[in-house]
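Colleague: Would you mind keeping the following structure in view while I ask a few things?
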Amino acid sequence: MNVKQRIIPPAGVIILVISFGTAGYALLEGWGLFDSLYMTIITLTTVGYEEVHRLSATGRVFTIILILTGVGAMFYALGVGARVLIEGEIRDILGRRKLNKKIKSLKNHYIICGYGRMGRIVCREMIQNRANFIVVEKDPDVLATMEKDILSLQGDSTQDSVLKDAGIERALGLISVLSTDADNLYVVLSARGLNPKLRIVARASEEGAGQKLLRAGADKVISPYHLGGLRIAHTVLKPAVVDFIEFATRSGNLELQMEEIRVKGTSHIVNRSLDECGIRKELGIIIVAIKRETGEMEFNPTSATVIKPGDTLVAMGETKQLEALENLVGV
């Protein structure tokens with residue numbers, strides 16, 4: 001139960017007691033509503049002012065009842081309300097401190113700017129792959145709908161100070177999926193200036209925005225409408241190809257997965273061919289491509305292709321096989 005919900009009962013008690021006193025004086029003494037309300041307030045607050053009008057014997061009995069019951073109820077309700085507010089403030093302070101501590105401990109993480117429809121999908125994939133990330137969202141109502149286990153920060157991600165609070169200097173990458181191209185452009189400019197080594201992926205909605213985002217410093221620009229249109233066309237023209245790609249890249253698919261695995265310089269497979277490593281024969285994994293450290297992509301490498309330090313292997317196979325390859329590469 002949040003602070004607003006907890007403050008409703010004591011506020012209701014206060015309103016009920018004041019209404020009871022006002023109605024009592026109005027009915028028993030025949031006073032107007034304002035005089036009855038004023039008499040009720042000065043009685044409940046025990047300020048000791050004179051009576052508004054001379055009270056009858058019945059009115060005095062009612063005043064005694066109001067003092068004995070209403071004053072106690074009022075002070076109890078005010079005490080509960082104050083305690084709830086103070087506890088809420090303390091909880092907020094402790095919560096902010098805990099959040100700041102978590103954010104400061106982040107390292108080699110990803111920053112996701114925006115938690116709209118696309119941001120939710122990105123977060124889902126990050127969770128599936130156990131990636132370390134934080135979401136920056138401006139709208140507090142949107143943050144309220146977020147899953148509790150997702151680390152989030154409220155703020156405008158176009159501001160340098162907010163990106164610094166999200167630990168951009170220590171981050172591996174940033175994904176900007178805000179609703180407008182202008183906002184995404186501001187984020188890319190700010191992020192690139194704060195961390196030149198950061199990998200930045202941005203969303204583009206309008207035609208021509210992609211080139212501007214790339215010039216601003218984005219490493220990759222994704223246009224959902226363009227990709228969606230291509231996917232729909234290929235689903236009709238090349239259904240088997242699309243089905244295979246979906247099967248290979250779908251999250252949670254245990255039968256077949258495509259992964260990229262970076263070769264460490266200390267691995268014993270460095271400077272050896274794919275045939276010598278036994279990746280295909282022993283593990284039964286298909287190496288679809290090798291991305292060299294220079295950025296050059298070599299598709300469908302032969303068995304004689306030599307693996308070099310810093311290469312990224314784009315591999316396809318079952319989950320257990322890929323895990324075995326990760327262990328082999330990481331040795």
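Colleague: Is it the case that segment 119-142 has a residue that's without any contact (Cβ under 8 Å) to a residue 12 or more places away in the chain, β-branched (Val, Ile, Thr) and closer than 19 Å to residue 221 by Cβ?
Modeller: Looking through segment 119-142, at least one residue is without any contact (Cβ under 8 Å) to a residue 12 or more places away in the chain, β-branched (Val, Ile, Thr) and closer than 19 Å to residue 221 by Cβ.
Colleague: Across segment 116-172, which residue is nearest to residue 193 (Cα to Cα) among those that are in contact with a Ser or Thr (Cβ under 7 Å, 6 or more places away or on another chain) and part of a helix (DSSP H, G or I)?
Modeller: Among them, the one singled out is 160.
Colleague: Only one of (1) out of contact with any Pro (no Cβ under 7 Å at 6 or more places or on another chain); (2) surrounded by 16 or more Cβ atoms within 10 Å (Cβ to Cβ) fails for residue 141. Which number is that?
Modeller: Residue 141 satisfies every listed condition except (2).
Colleague: In segment 171-183, how many are closer than 13 Å to residue 156 by Cβ and buried (at least 24 other Cβ atoms within 10 Å of the Cβ)?
Modeller: Adding up the residues that qualify gives 2.
Colleague: Sticking with this structure for a sec: So residue 175 passes all but one of these: (1) out of contact with any strand residue (DSSP E or B) (no Cβ under 8 Å at 6 or more places or on another chain); (2) outside any loop (DSSP other than H, G, I, E, B). Which condition number does it fail?
Modeller: Unmet for residue 175, out of (1) out of contact with any strand residue (DSSP E or B) (no Cβ under 8 Å at 6 or more places or on another chain); (2) outside any loop (DSSP other than H, G, I, E, B): (1).
Colleague: Can you tell me which residue is farthest from the chain's Cα centre (by Cα) among those in segment 190-207 that are more than 20 Å from residue 119 (Cα to Cα), exposed (fewer than 15 other Cβ atoms within 10 Å of the Cβ) and not small (Gly, Ala, Ser)?
Modeller: 207
Colleague: Any residue that is farther than 22 Å from residue 8 by Cβ and basic (Lys, Arg) - is there at least one of those in segment 56-65?
Modeller: Yes - at least one qualifying residue is present in segment 56-65.
Colleague: Please count how many residues of segment 203-236 are at pLDDT 90 or above and of a type in the set (Gly, Ala, Ser).
Modeller: Adding up the residues that qualify gives 4.
Colleague: Just to be sure before I move on: is residue 291 touching a strand residue (DSSP E or B) at 6+ places or on another chain (Cβ under 8 Å) and not assigned by TED's automatic domain parsing to the domain that holds residue 198 in the structure I sent?
Modeller: yes
Colleague: For residues that are at pLDDT below 80 and not in a strand (DSSP E or B), tally how many sit in segment 241-267.
Modeller: Of the residues in segment 241-267, 18 are at pLDDT below 80 and not in a strand (DSSP E or B).
Colleague: Something else now. Among the listed residues 317, 295, 284, 278, identify the single one that is free of Cβ contacts under 8 Å to residues at least 24 places away in the same chain, small (Gly, Ala, Ser) and closer than 25 Å to residue 245 by Cα.
Modeller: 295
Colleague: Condition first: touching a Leu at 6+ places or on another chain (Cβ under 9 Å), modelled with pLDDT of 80 or more and buried (at least 16 other Cβ atoms within 10 Å of the Cβ). Can you find one or more residues in segment 4-11 that meet it?
Modeller: Looking through segment 4-11, none of the residues is touching a Leu at 6+ places or on another chain (Cβ under 9 Å), modelled with pLDDT of 80 or more and buried (at least 16 other Cβ atoms within 10 Å of the Cβ).
Colleague: Now a separate question. Among the residues of segment 14-70, count how many are part of a helix (DSSP H, G or I), touching a residue at least 12 places away in the same chain (Cβ under 8 Å), more than 21 Å from residue 81 (Cα to Cα) and among the β-branched types (Val, Ile, Thr).
Modeller: 3
Colleague: On to the next question. Quick one: in segment 208-240, which of the residues that are of a type in the set (S, T, N, Q) and not in a loop (DSSP other than H, G, I, E, B) is surrounded by the fewest Cβ atoms within 10 Å (Cβ to Cβ)?
Modeller: 211
The values are calculated or read from the model by the stated rules, or taken from the named source; none is laboratory data. Everything quoted here is computed from the prediction, not taken from an experiment. Note: ideal-geometry Cβ built from the backbone for every residue, glycine included; neighbour counts use all protein chains shown.
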